[in-house]
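Nothing in this text is a laboratory measurement; each read-out follows from the coordinates by a stated rule. None of the values given here were measured: they were computed from a predicted structure. Please note: Cβ atoms are built from the backbone with ideal geometry, for glycine as well, and neighbour counts cover all protein chains shown.
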Amino acid sequence: MLQQLFKNPMALLCMGILLFTALLGIFAPWVAPNDPYANDILNKFAGPSWDYPLGTDQLGRCVFSRMLFGIRPTLFLSLLTMLGTIGLGVIMGITAGYFRGAVDEVIMRVVDVMLSFPSQIIILAVVALLGVDIRNVVIASIFIKWAWYARMIRTATIKYTNMNFVLFSRSIGSGNFYILTRHMLPCIAAELAVLASLDTGWAILNISTLSFLGLGVQAPVPEWGAMLNEAKNVMISNPEQMLVPGIAVVVLVGACNMLGDCLRDALDPKAVRQ
Amino acid sequence: METSRLRKKRPLPALLLACCMAGSSLLPLWAGQAQAAEQEPDTLRFVNYRDVRDLNPHLYAGEMYAQEMIYETLVDIGPDGYKPCLAESWEISPDGKVYTFKIRKGVTFTDGTPCDAYAVKANFDAILENRARHTWLEMMHLLEKVDAPDAHTFRIFMSRPYYPMLTELGVTRPFAMISPKAMKNGSTKDGVNAFIGTGPYKLVKVVTDEYAVFEANENYWGEKPRIRRIVVKVIPDNQTRILALEKGEIDLIWGKNMLDADALNKYRNSDEFDIALSKPTSTRQIVLNGQNPVLADINVRKALQHATNRKAISRGVFHDTEPPADTLYARSVPYCDIDLAPYAYDMKKAADLLEKAGWKMGDDGVRAKDGLRMELGLLYNSNSVTEKTIAEYLQHEYGKLGIRVSLRGEEEQSYRDNMKNGLFDMIFNICWGMPYDPQSSMAAMRQRVYGDYAAQLALPDKKEIDAAITEILSSTDEKRRQELFTFALTHLHDDAIYIPLTYETNKALFSSRLKGVGFTQTQYEVPFSKMYFEKR
Amino acid sequence: MKNYVIMRLLATVPLLLGISFLCFVFINLIPSDPAEVALRIRQTPVITEELIAQTRAELGLDQPFLVRYFQWLWDCLHFDLGVSYTNPARTVLGEIGRCLPATLELAGLSLVYVIVLSLPIGFLSAVYKDTWFDRIMRGFVFATTAMPVYWVGLLLIWLISIRLDLLPTSGYGSFAHLILPAFTVALSYISTYIRLIRNNMLENMREDYVLYAQARGLKQRAILVRHILKNSLQSCVTAIGMSIPQLIAGTIVVENVFAWPGVGRLCIASIFNRDYPVIQAYVLLVGVLFVFFNLAFDILQYAADPRLRERKA
């Protein structure tokens, strides 16, 4: 599967973009030409120059440096969200699928209720309850998204539970935990990877949207959605402010989605889209 | 396979695209028509950021500009003092305790009820029934009783003389007169049945969160306004308001926070639109909470004063539309023309002050003294774009000095709650402005009504300042009053508890066809009566 | 058929209970004391411990949790959703009722956009698979799924309203105000459905009955329209129907960008104002809508598709 993936130029490009962005985010303090918080209020909305490659914002801060530092909340918090979601989803899904019975019933009913709300509404409700803060956005996203994973992983677990190698392992006396971690997880890992990469795109959009609405990352921390919110205030006098952060979001989300598609194709040649 | 066999040449995609294009080219035509139909002669299209809400003049939940249009008070506050309004004339007894008003004859509310002394008394009764709600006005503590001996005489009895009495009677609320028929059993504290006053305009229609329509009061006793109809649209967003003006959907944007300076700056040399700026109306400031262990040190407060570059804020944030402020009240405010030495912008001096007071720079760039780190929160109203911008600017400036500032934006209601309860280190505030300044806003410093009380509580000279303010209010001697004001304001200035930033101004941007746009002494009153459209 | 409908109806009861319970728990988790909040609403100047205890009893807050839950549920069933915290003069139901029409207008026109645009484009993309049209449309679908909705809204305002001056920038009023926001809401759904319909059509094209129809010598056009399109439409209409509540919920962001006075903006404003009853009502509303639309279109699909019925039997 991985070999196939590396042969696909599109997948390579997407991975390249993601890796490059992540590196820029990690090394932002060294790459950025300016302090992202340093302002020069008399030099606001300046055009691109050697000192400020992408110009300055409403406080005269370097847009380029803020973009670089903005990678951190955008990309890394999305990844954190995905890790949390997968973790919770895997635990719940495998528990339900492997043990069945009453445990399964309870978990799946909870999943049903969770899935009967549009995810955006639940996130807003949780943020409303816990207060406006980016941490709560991450918690809320995990809280709503795990149900999707739980359902998918439960199905996969049930499918594999009756396969010969699992039955064999059990007959030679392997414990539940051993079977779950050694046999089940690797089996469903591939399917997880597809879903996760598609959902990372979703998580990025989600975090930036909530920051745009003022419910996520708070000023003055640089974040792309929050930067667009600030750009909205000067849409008439300085429309160029909303270009760069928007394009950055599109490229990053596009790369995640495309990678997800490529992964799916590589995983299941039958499902290669018509 | 099969699909390829199905594929034949069909011009469908092209057709579809053509349809889309035709559709979209028709749209503007039709949208333009809709806009043209809205425009009527004699109609001024004004804009506000929110709905008019509850216009009960005896409570505080309505938009002030609308209350000013509908209702009137006994006296008006003009540029050279008090002017008669619903009261034709008045007399003050020699001991300063009895006010006798001659009520103007022939004035009626828009529902036909006469506005005589009995109606005025009914209004005062309704206001006094809810006395506790109005104690932010000092006179509420001193007012003993009111009576109306005949239809044209109205009297107020006070327990002590109180010099700003007429000013407080002249402010928009709560002393505006509503038709007694609109009250609920003579009471207004639980709402009113209709918004009926004696003012130049009457409210004819409200569509919540969309628009409100006012029409000229045909039976208005004073000079009738030339503009007969005013439609006030609700547009919450700054940018959208300007766009609406540019597209001719509205004629006038007027107010303190209705326009951002960048946009205003764009129209400085425009032929189509004119700009008007008022004199300072109020002071934009940051209040420091003296109870905070870091801010309890006067040297820290003084250092913050010196580290604040007011000129840069005035130019950078406001494009000079709001002048830099050196003192709590502008010199143009009554009793405030005092010589106070401004805290000049001087980072070095600020650093020296901190250094001398024992605040040493730590390894992480934050100063500390005896284990206490210089970490302060700055609270702003998240509805205000300007406050957020200034907050981010100051955060970085103070950061250079080794003071770590964290920003928190809150919605108006919780921002006010926090201010009132003293739950802040530093908070943005705007003083009450004309005509409340300085007497009413200073009177309020003595009680837990606004942030000032909590901020000043720990000052060593708080008692003396409060005593001076109390004496000012009942003093009938002009010279003594000035002495006391000078004393209180000098102490507050030396205590450095307020960081004045800029003097707020009312700003107007309007179609150049509209003439007579100006400002009055009362900062919330939009003087529609003086406006008119130039004939084309 | 009857059995199926009854079964589905019964199955929604625990789901609705679950949703309402979640909403109730939600408001009971808020950090402030409801009794204190109620006192503040009544503008009581000084709030004492005594008063709080008295109000607790008055509001029934001293009752056990479950009793309160059923009391609340009972009130909800009578459309009594309480009073707004920030504006005690307004009931929650009144607030929702005031804002809902605007949201429904927005969602309604978006639905029209979705149907009018995604059906023909999806159809044509499948028929003209791998031609320039299909490629462009696939590019479009890919781009729109990666674009944040609010950014699209901002770009549209800037391009259509500011630069070209064709439509109003934002706000509520004439039909012209509705065009841009509805299109913005519709955009992400359009791309989803284009893809859905295209894939559905392509799958159907490979079915045996198509080959059989061709063997019978039917015209290509007839096969496409009468068989393939008809079969694909069924599942697509169901999918679109089920996404209606999603559409209503999806207006939140767009309403905030375009200053559209609907329930979404009400919800965001309530979050900032900590007006919990309004948020609670909004969440409940969307949850219930979701369940009912799912139910309705499930049954519709069941009625329309004989294969499903046979499978169950």
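How big is the protein assembly as shown in terms of Cα radius of gyration and Dmax, in angstroms?
Considering the protein assembly as shown through its Cα atoms, Rg and Dmax are 33.3, 114 Å.
Starting from the Cα of B:D370, step 7 Å along the direction of its Cβ; do the same at B:K479; then give the gap between the two resulting points in nm.
4.7
As a check on your grasp of the helix formula, calculate [θ] at 222 nm for the protein assembly as shown: sum -39500 (n - 2.57) over DSSP H runs of n ≥ 4, divide by the residue count, round to the nearest 500. Don't skip to the answer; put the middle values down first.
Working: 44 runs with 586 residues, N = 1123.
Value at 222 nm, helices only: -16500 deg cm²/dmol.
Across chain A, where is the longest run that never hits trypsin sites (Lys or Arg not before Pro) in a DSSP loop with at most 15 other C-beta atoms within 10 Å? Mind dumping the intermediate values first?
Working: sites that count: A:R100, A:R273.
In chain A, the maximal stretch lacking such sites is A:101-272.
Semi-axes of the equivalent ellipsoid for the range B:94-243, please: Cα gyration tensor eigenvalues, times 5, square-rooted, ordered largest first, whole Å. Could you put the intermediate results ahead of the total?
Working: eigenvalues 193, 76, 47 Å².
Over the Cα atoms of the range B:94-243, the semi-axes work out to 31, 19, 15 Å.
With labels modelled as points extended 7 Å from the Cα through the Cβ direction, what inter-label distance (nm, one decimal) is found for B:I338 paired with B:N130?
If labels sit at B:I338 and B:N130, their model points lie 3.5 nm apart.
Calculate the dipole size of the protein assembly as shown relative to its Cα centre from +1 charges on Lys and Arg beta carbons and -1 charges on Asp and Glu beta carbons; express the result in debye to the nearest 20. Present the calculation step by step, with values, prior to reporting the outcome.
Numbers: 113 positive and 110 negative charges, 934 e Å.
Computed charge dipole of the protein assembly as shown: roughly 4480 debye.
How fast does the range B:147-189 diffuse by Stokes-Einstein, in µm²/s, taking the Kirkwood radius from C-alpha pairs at 10 °C and 1.306 mPa s?
Roughly 125 µm²/s, to the nearest whole number.
Residues with beta-carbon under 12 Å from that of B:D125, excluding B:D125: net charge, scoring Lys, Arg +1 and Asp, Glu -1? Show your work: numbers first, answer last.
Working: positive: B:K121, B:R131, B:K145, B:K189; negative: B:E129, B:D147.
Taking every other residue near B:D125 into account, the sum is +2.
At most 16 other C-beta atoms within 10 Å and a DSSP loop state: those are the exposed trypsin sites (Lys or Arg not before Pro) I care about. Give me the longest piece of chain C that has none. Numbers along the way, then the final one.
Numbers: sites that count: C:R42, C:R90, C:R206, C:R216, C:K219.
Maximal segment without exposed cleavage sites: C:91-205.
Just going by the charge dipole of the range B:257-369, with Lys and Arg at +1 and Asp and Glu at -1 on Cβ, which of B:H306, B:S270, B:A325 is farthest out on the positive end?
Farthest along the dipole direction, towards plus: B:H306.
Set the Förster distance to 41 Å, then compute FRET efficiency between B:E218 and C:R163 from the Cβ-Cβ distance, nearest 0.05. Before the final figure, lay out the partial values.
Working: r = 45 Å, r/R0 = 1.09.
It comes out at approximately 0.35.
Taking N as the number of residues in the range A:144-211, what is its alpha-carbon radius of gyration divided by 2.2 N^0.38 Å? Kindly include the intermediate steps, with their values, before the conclusion.
Numbers: Rg = 15.7 Å, N = 68, 2.2 N^0.38 = 10.9 Å.
Rg over 2.2 N^0.38 Å, computed on Cα atoms: 1.44.
Classify the range B:314-396: rounded, prolate or oblate, from the alpha-carbon gyration tensor (a ≥ b ≥ c, eigenvalue square roots; a/c under 1.5 rounded; otherwise prolate if a/b is larger than b/c)? Let's see the in-between values first.
Values: a/c = 2.38, a/b = 1.45, b/c = 1.64.
Oblate, because a/c is 1.5 or more while a/b does not exceed b/c.
Mind checking which helices in chain B clear 27 Å along their axis (Cα) and have mean Kyte-Doolittle hydropathy of 0.0 or more, DSSP H runs only? Write out the running numbers ahead of the final one.
Details: long enough: B:12-38 (40 Å, 1.08).
Correct list, ordered by number: B:12-38.
In terms of Cα to Cα distance under 18 Å, which lysines are near enough to B:K356, apart from those fewer than 8 places away along the same chain?
The reachable lysines, counting only those whose Cα sits under 18 Å from B:K356, are B:K302, B:K348, B:K369, B:K400.
If you stretched the chain out fully between B:K420 and B:V204, how much longer would it get, using 0.36 nm times the residue separation minus the C-alpha to C-alpha distance?
Numbers: separation 216, 0.36 × 216 = 77.76 nm, distance 3.65 nm.
Gain on stretching B:K420 to B:V204: 74.1 nm.
C:Q54 to B:R448: FRET efficiency via 1/(1 + (r/R0)^6), r the Cβ-Cβ distance, R0 22 Å, to the nearest 0.05?
Computed FRET efficiency for C:Q54 and B:R448: 0.35.
In debye to the nearest 20, how big a dipole does chain A give about its Cα centre with +1 on each Lys and Arg Cβ and -1 on each Asp and Glu Cβ? Show your work: numbers first, answer last.
Working: 18 positive and 16 negative charges, 176 e Å.
So the magnitude is around 840 debye.
Enter the angle in degrees (range 0 to 90, nearest 10) between the Cα long axis of helix A:9-26 and the first principal axis of the Cα atoms of chain A, meaning the one along which they spread out most.
The helix A:9-26 is inclined about 60 degrees to chain A.
Relative contact order of the range B:433-492, please, whole-number percent, based on alpha carbon pairs below 8 angstrom and at least 6 residues apart.
Numbers: 32 pairs, mean separation 16.4, N = 60.
In percent, rounded to a whole number, it is 27.
For every other residue with a beta carbon closer than 12 angstrom to the beta carbon of A:M108, add +1 if it is Lys or Arg and -1 if Asp or Glu, then tell me the sum. Walk me through the numbers before you get to the answer.
Working: positive: A:R100, A:R109, A:R151, A:R154; negative: A:D104, A:E105, A:D112.
My count for the surroundings of A:M108 gives +1.
From the square roots a ≥ b ≥ c of the eigenvalues of the alpha-carbon gyration tensor of the range A:1-141, which class results: rounded (a/c under 1.5), prolate (a/b over b/c), or oblate? Please list the in-between numbers first.
Details: a/c = 3.70, a/b = 1.74, b/c = 2.13.
Here the range A:1-141 falls in the oblate category.
Between B:K356 and A:L130, what's the calculated FRET efficiency when r is the beta-carbon distance and R0 is 35 Å? Round to 0.05. Don't skip to the answer; put the middle values down first.
On the way: r = 44 Å, r/R0 = 1.25.
In this case the efficiency is close to 0.20.
How far apart, in nm, are two points set 7 Å out from the Cα along the Cα-to-Cβ line at A:L42 and at C:I136?
Label-label distance for A:L42 and C:I136, simple model: 5.2 nm.
Taking the Cα centre as origin and putting +1 on Lys and Arg beta-carbons and -1 on Asp and Glu beta-carbons, what dipole magnitude results for the range B:415-524, to the nearest 20 debye? Show your work: numbers first, answer last.
On the way: 12 positive and 14 negative charges, 126 e Å.
Roughly 600 debye for the range B:415-524.
Gain in length, A:D112 to A:I91, computed as 0.36 nm per residue apart minus the alpha-carbon separation, to one decimal in nm? All intermediate terms of the calculation are to be shown ahead of the outcome.
Values: separation 21, 0.36 × 21 = 7.56 nm, distance 1.69 nm.
Taking A:D112 through A:I91 to full extension adds about 5.9 nm, to one decimal.
Test of understanding: what is the full-extension gain from B:K311 to B:A61, defined as 0.36 nm times their sequence separation minus their Cα-Cα distance? Display every interim value, and only then the final one.
Working: separation 250, 0.36 × 250 = 90.00 nm, distance 3.55 nm.
That works out to 86.5 nm of additional length.
For the charge dipole of the protein assembly as shown, defined by +1 on Lys and Arg C-beta atoms and -1 on Asp and Glu C-beta atoms about the Cα centroid, which residue among C:L117, A:L75, A:P222 has the Cα displaced farthest towards the positive pole?
The Cα lying farthest towards the positive end belongs to C:L117.
Which angle between 0 and 90 degrees, to the nearest 10, do you get for helix C:175-205 versus the longest principal axis of chain C when only C-alpha atoms count?
So the inclination is approximately 50 degrees.
In the range C:207-273, with Lys and Arg counted as +1 and Asp and Glu as -1 at Cβ, which of these residues, C:V253, C:L224, C:S243, has the Cα nearest the positive end of the dipole, that is, farthest along it?
C:L224
Across every pair of different alpha-carbon atoms, what Kirkwood hydrodynamic radius in Å does chain C reach? Please list the in-between numbers first.
Details: mean 1/r = 0.0438 Å⁻¹.
22.8 Å is the Kirkwood radius here.
May I ask for the net charge around B:Y162, where only other residues with Cβ less than 14 Å from the Cβ of B:Y162 are counted and Lys, Arg are +1 while Asp, Glu are -1? Numbers along the way, then the final one.
Details: positive: B:K97, B:R160, B:R481; negative: B:D95, B:E138, B:E144, B:E168, B:E471, B:D477.
Local net charge: -3.
Counting DSSP beta bridges with both partners in the range B:363-418, what percentage is antiparallel, nearest 5? Please list the in-between numbers first.
On the way: 2 of 9 bridges.
In the range B:363-418, DSSP labels about 20 percent of beta bridges as antiparallel.
From the Cα gyration tensor of chain B, with a ≥ b ≥ c the square roots of its eigenvalues, which class applies: rounded if a/c is under 1.5, or else prolate if a/b is larger than b/c, or else oblate?
Details: a/c = 2.13, a/b = 1.09, b/c = 1.96.
Note, shape of chain B comes out oblate.
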